[in-house]
Amino acid sequence: LVLHFLPPYCPQGNRIERVWLDLHANVTRNHRCRTMDQLMVRVHAYLSARNVQRSASPSLRRVDLRRTS
């Protein structure tokens, strides 16, 4: 048994942190949406386009976020 101690917060090692950083840089930062629904439409469109991009890194290419509402 070998224990590997990890830092309590390590965004470089957490794939979802890279997705949030990319999403924030390209969609949510300084947006001008008047409603949350408008913003969510943009977020879903961006993630859908990002999922089919071949140039995206593998950790960003297959983000499966399904709208539950």
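Read the figures in this text as sums done on the coordinates, not as results from a lab. For clarity, every value in this text was computed on a predicted model and none was experimentally measured. Here the Cβ positions follow ideal geometry from the backbone for every residue, glycine too, while neighbour counts run over all protein chains shown.
Structure data summary
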{"read-out": "Förster radius 22 Å - calculated FRET efficiency between GLU17 and VAL41, Cβ distance, rounded to 0.05", "value": "0.40"}
{"read-out": "FRET E, pair HIS4, ASN51, Förster distance 22 Å, beta-carbon r, rounded to 0.05", "value": "0.10"}
{"read-out": "³J(HN,Hα), Karplus 6.51/-1.76/1.60, whole Hz, each residue of region 28-45, x for Gly, Pro", "value": "8, 6, 6, 6, 10, 6, 8, 10, 5, 4, 4, 5, 5, 4, 5, 4, 4, 5"}
